[in-house]
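Below is one structure, written out as structure tokens, with a few remarks after it.
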Amino acid sequence: MKVSVCTYCGVGCEIGFENGRVVPVNGVVSKGKLCIKGIFGHQFVNHPDRIRGALVREELLTRYGYAPSSYPNFKGFKLVPYSVAYKITAEEFNRLKECYGPHSLAFIGGARTNCESAYLFQRFARQVVGSPHVDNCARICHAPSLKGLRATVGEGAASVSFDEIYNAELIFVLGSNTTEAHPIVSHRVIERVRSGATLAVLDVREIGLFRFAKYKLAIPYESNLLFLNALARVIVERKLYNEPFLRERVENFNEFKEAILKDPLSHPSVFERLPGYSHLAHQIEELAFEIATKRTLFMWGLGITEHTDGSYAVMAIANLALLTGNVGKEGCGLMPLRGQNNVQGACDVGMLPYYLPDYRVPEEIGYKTPEIIDAIGDGRIKALWVMGEDIAHVHPNQSKIRSALKKLEFLAVNELFPCEVTRFAHVVFGVKSCYEKSGVYVNAERRLHLSRPLFETDLPDDWEVINGVASQMGAPFNFKSSEEVWNALREDAPKRFKGATYELLEKDPLNPPQWPVTEEGKGTPILYRESFPTPSGKARLVYTPYKLRGMVKELLERGKLSGFYLTTGRVLPHYNNANQTGRCETLEKFQTFKEDTVYASEADRERLKGAKRVILRSEYGETAPLPLEFNRHLKPGTLFVSFHRAKSRINFLFGDEADELVKTARFKSVKVEVEVVE
């Protein structure tokens, strides 16, 4: 039996493969269980839509002296040898670099492929081209977790392993529909609750975990920071904090105490004035006591990070852990539930505009993805290389993005299938999927899985494509295997990966280590046992007042809502742009609707005339007509919709509103009008 790792969410389940089928294995993460994506999500591998070669636009072939008629057609492109595509891409990059300078080129991607490819991609950008403009899809998910955690505890990653769920006395899940987005983690949570732990769940709608929760915290849209600050205030006012821990391991408690006590919006009584949410004030009082007296594990998802104050909300979660001493030991800690299979790894290896490998600060800081789009729009950036990220679907403000993509002089894309962004490309490189290559992936708990091929293919890996273009630009990396790339990365990021050789990771593939991995090959399940990775060795509390806005402001000032507030998220059978899962026959059968579906409160059935289909409209754009379903799990005046299908046009609803510090889009709240489709 072959052993590898699932290619979807950041949980990183180990999978077995025999007789053409995925089978569960007793790995340290999966523990003999897999969700439906883990079991059936490999079915896309041999789908007839796969891009099995290099694609180049006909006019580009003509420009460089190739006869387009010599090559077969493929969905608007010509299918050419990789050597031809490498040469043309290199010529275009060199031409634009010479005409406009190295800063006219930008690079986006890295979290859907392995660490080796993400590492080489940022090296290509910085060393071969000379551009600092590198980013990955953490920009639209967990960049606020990195920012918020580094500002407080000094490291932008989970402090513990998933196994600490079994040692926790209180599990606090915030902004994560875990049963749909991270099913194997939710299974552990439910197991632990059934054996005696307390569960608190915070979200804007009733999700699956509410059934098992003592604290069912359905909050107003965009009120995460308001709620978290109220919890911290109760802990401070009632002196529920862990005084020895604060004295020995936190450097600014008195400053934090003064700031929170003088902020009127930090008081739990604010919720008493919000119609439909007044009960939360009492629950805040009770929950604060439980956090202070129990080993508490904090777990959060994009419902926390995808807001204008996402980074501050992550800091507020860290504040709660620090105030109560719930970090640096068993059964407690901080756990961002990463969305992509290698988003942690892509950040660790420097695929960010403001960090090199090991989170060293570069001499020059580049543009974040929204800034790259703006720079394309005004002509400062002329070329873009996208690796495994459909920016013409999953990013916000799609009208603006598509307008920008049309202005590019050159766009290269690495992909498995035709998708929205390939429609704008000049060159497309068909590459190996996760199930066809070797490489390291870092999951949400910092665990380093070495994947091995389950299927054979002669397609190149992403790092091989990068190497091919670099060679044509006269700057070859000369790596012959993914292991050689990994060894170069280990030297470049020794704090995390020094001892993590392929040999070590292969020795026990069902129980690989968590970084940092020492030279002796020992992993680190729990961070911060003795000190924090800060200049002083101590953590820091960071207080940010809540800014009154949106739904909370409406409820306080008007006592009722006008229009509807919409949030977005995943559904269990599909993953992000459904480019892979939508081509898995079994997964498609699991979803009743073959469209993204809008869900509304049963209390709004009359207001929406019992409609079957609706169009959602914001100040930025509108969706396609979508199915509408009513249920009791949403509050009046609120809506939910998934975003998996490009034809639904969900991300046309969102503008440039984003996290103040790292520009992660405000995907979790937008004011919309609903047009009933007769």
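The values are calculated or read from the model by the stated rules, or taken from the named source; none is laboratory data. Keep in mind the model is a prediction, meaning the values are calculated, not measured. Neighbour counts run over all protein chains shown; Cβ positions are idealised from the backbone, glycine included. For the accessible areas, the whole protein counts, side chains as well, though only heavy atoms, and no ligand, DNA or RNA atoms are used. Shrake-Rupley method; radii C 1.70, N 1.55, O 1.52, S 1.80 Å.
Quick notes on this structure:
To keep it simple, each residue is scored yes or no on (1) outside any strand (DSSP E or B); (2) open to solvent by 10 Å² or more (accessible area, probe 1.4 Å); (3) at pLDDT below 95.
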| residue | (1), (2), (3) |
| --- | --- |
| Thr308 | yes, yes, no |
| Ser311 | yes, no, no |
| Asn319 | yes, no, no |
| Val327 | yes, no, no |
| Leu334 | no, no, no |
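- In this structure, Glu409 does satisfy being of a type in the set (D, E, K, R) and in contact (Cβ under 8 Å) with a residue 24 or more places away in the chain.
- Scanning region 409-436 for residues that are in a loop (DSSP other than H, G, I, E, B) and either open to solvent by 10 Å² or more (accessible area, probe 1.4 Å) or touching a strand residue (DSSP E or B) at 6+ places or on another chain (Cβ under 7 Å) (or both) gives Glu409, Leu416, Pro418, Cys419, Glu420, Ala425, His426, Val431, Lys432.
- Residue list for region 171-190, restricted to those being surrounded by 23 or more Cβ atoms within 10 Å (Cβ to Cβ) and touching a strand residue (DSSP E or B) at 6+ places or on another chain (Cβ under 8 Å): Ile171, Phe172, Val173, Leu174, Gly175, Ser176, Asn177, Thr178, Ala181, Val185, Val189
- Only residues that are part of a loop (DSSP other than H, G, I, E, B), touching a strand residue (DSSP E or B) at 6+ places or on another chain (Cβ under 9 Å) and open to solvent by less than 50 Å² (accessible area, probe 1.4 Å) were counted across region 48-71, and they come to 5.
- Of the criteria (1) part of a loop (DSSP other than H, G, I, E, B); (2) open to solvent by 10 Å² or more (accessible area, probe 1.4 Å); (3) not β-branched (Val, Ile, Thr), which one Glu483 fails: (1)
- Matching entry among Val29, Val22, Val45 (being in a loop (DSSP other than H, G, I, E, B), within 30 Å of Ser451 (Cβ to Cβ), open to solvent by less than 40 Å² (accessible area, probe 1.4 Å) and touching a His at 6+ places or on another chain (Cβ under 9 Å)): Val29
- Sub-6 Å Cβ pairs linking a first residue in region 323-336 that is under 21 Å from Gly10 (Cα atoms) and small (Gly, Ala, Ser) to a second residue that is modelled with pLDDT of 95 or more and assigned to a loop (DSSP other than H, G, I, E, B), at least 6 apart or interchain, are Gly331/Ala168; Gly331/Arg295; Gly333/Ser159; Gly333/Val160; Gly333/Val327, ordered by first then second residue.
- Boolean, Ile184 is touching a Leu at 6+ places or on another chain (Cβ under 6 Å) and in a helix (DSSP H, G or I): no
- Which numbered condition Ile381 misses (of (1) touching a strand residue (DSSP E or B) at 6+ places or on another chain (Cβ under 8 Å); (2) under 20 Å from Glu92 (Cβ atoms); (3) outside any loop (DSSP other than H, G, I, E, B)): (3)
- Long-range neighbours under 7 Å by Cβ, at least six apart or interchain, first residue closer than 23 Å to Arg529 by Cβ and of a type in the set (D, E, K, R) within region 246-257, second part of a loop (DSSP other than H, G, I, E, B) and open to solvent by less than 90 Å² (accessible area, probe 1.4 Å): Arg249/Lys538; Glu251/Ser536; Glu251/Lys538; Glu251/Arg540
- Residue within region 577-599 that is part of a strand (DSSP E or B), touching a Leu at 6+ places or on another chain (Cβ under 9 Å) and surrounded by 23 or more Cβ atoms within 10 Å (Cβ to Cβ) present: yes
- Tally, over region 72-107, of residues that are open to solvent by less than 40 Å² (accessible area, probe 1.4 Å), in contact (Cβ under 8 Å) with a residue 40 or more places away in the chain and either in a strand (DSSP E or B) or touching a strand residue (DSSP E or B) at 6+ places or on another chain (Cβ under 7 Å) (or both): 11
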